[in-house]
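Below is one structure, written out as structure tokens, with a few remarks after it.
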Amino acid sequence: MAGFTKVVLSTEADGRARFRDEPLALDEGSPQSRLSRLFASGGYQLRESPVGFRSDFHCTTSPQWVFILQGAMEIGLQGGVSRVFGPGQHFFSADLLPAGAVFDPGVHGHWSRQVGDQPLVTLFVRA
């Protein structure tokens, strides 16, 4: 049966953030409306970031889905890897600070920035 690709931003064993793609089955519903299983959520927030926004390196404080509603968002990792997400795209952010670690911006987390000439509007849904 057809599936959905869940882009995951997570912290790996070395403490560094990495992207990985995971299949997510759409095996419920009907042939005209395939659904995934129902997932729990812990609330949501909307955010608008102005043209020119860029964060410092940071870790996600709570696992969450990030949906791009307007504009484009680039997520950059240690070592220069980055991905750009546009309207209608999403990723699951779970790059938490490893237990017992003290945040080191040279090792941990990711940065984000607004890309293009439109403000960035995002929806964060807590897992």
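The values are calculated or read from the model by the stated rules, or taken from the named source; none is laboratory data. From a predicted model like this one, the values you see are computed outputs, not experimental measurements. Virtual Cβ from ideal backbone geometry, glycine too; neighbours counted across all protein chains shown.
Considering the stretch 80-103, the residues that are in contact (Cβ under 8 Å) with a residue 60 or more places away in the chain and out of contact with any Phe, Trp or Tyr (no Cβ under 9 Å at 6 or more places or on another chain) include one that is nearest to Phe67 (Cα to Cα), namely Ala94. In the set (1) under 22 Å from Leu123 (Cα atoms); (2) exposed (fewer than 12 other Cβ atoms within 10 Å of the Cβ); (3) free of Cβ contacts under 8 Å to residues at least 12 places away in the same chain; (4) polar (S, T, N, Q), Thr61 fails one condition alone, (3).
The strands (runs of 3 or more DSSP E) found wholly in the stretch 32-127 and carrying at least 1 residues that are at pLDDT below 95 and of a type in the set (S, T, N, Q) occupy 33-35.
Kindly provide the set of residues from the stretch 9-46 that are under 16 Å from the mean Cα position of the chain (by Cα), surrounded by fewer than 14 Cβ atoms within 10 Å (Cβ to Cβ), closer than 30 Å to Gly106 by Cα and not aliphatic (A, V, I, L, M), ordered by number. Hits for the stretch 9-46 are Glu12, Arg20, Asp21, Glu22, Tyr44, Gln45.
Quick one: would you say Asp21 is over 24 Å from Phe124 (Cβ atoms) and in contact (Cβ under 8 Å) with a residue 12 or more places away in the chain? No.
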